[in-house]
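First up is the structure itself, then whatever we jot down about it.
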Amino acid sequence: MTWDRIIVDLVGLGLIGAIVWFFWLVKTKGVRAARTSSGYQEQMVLVKGGYTPDVIVLERGMPARLNFVRQESSSCSEMVLIPAFNKSAQLPEGETVAVEFMPAEPGEYEFACQMGMLRGKLIVE
């Protein structure tokens, strides 16, 4: 095996390792929702090609309010579903829509568009 073949193989293995790390091994810590004076933990969520932030950390036993702002016209993002809390909402373009619920049990809960292409996660501690 020649030295140029060895270098190509090592670079290829390095790139495979980077892809595995980026897509499967790295864990997003998430954004902790802010406590408001009205007694809610609240977080703005931008809907534009996905959810930003897509991981939100909540405290259990305290009411939560997620404010979704949709800034795109894709039909996939017209609605958000939070099945664990039996919540859903239409998201008109350019408007802020609040979704309120009570995270009672710790765990990880998914929220997504109606097609399941845009996804996010709620982490209740």
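Read the figures in this text as sums done on the coordinates, not as results from a lab. The structure displayed is predicted, hence computed values, not measured ones. Note that each Cβ is placed from the backbone with ideal geometry, even for glycine, and that neighbours are counted across all protein chains shown.
For this structure, a couple of remarks:
- Using a cutoff of 8 angstrom between alpha carbon atoms and counting only pairs six or more residues apart, the relative contact order for the range 31-124 works out to 29 percent.
- Under 14 Å, Cβ to Cβ, from residue 47 - net charge with Lys/Arg +1 and Asp/Glu -1: -2
- Counting only alpha carbon atoms, the long axis of helix 3-20 and the longest principal axis of the chain meet at about 10°.
- Ranked by how many other Cβ atoms sit within 10 Å of their own Cβ, fewest first, the residues 9, 4 fall in the order 4, 9.
- Computed over every Cα-Cα pair of the chain and binned at 5 Å starting from 0, the pair-distance distribution P(r) comes out as 2, 10, 17, 19, 14, 10, 7, 5, 5, 4, 3, 2, 1, 0 percent.
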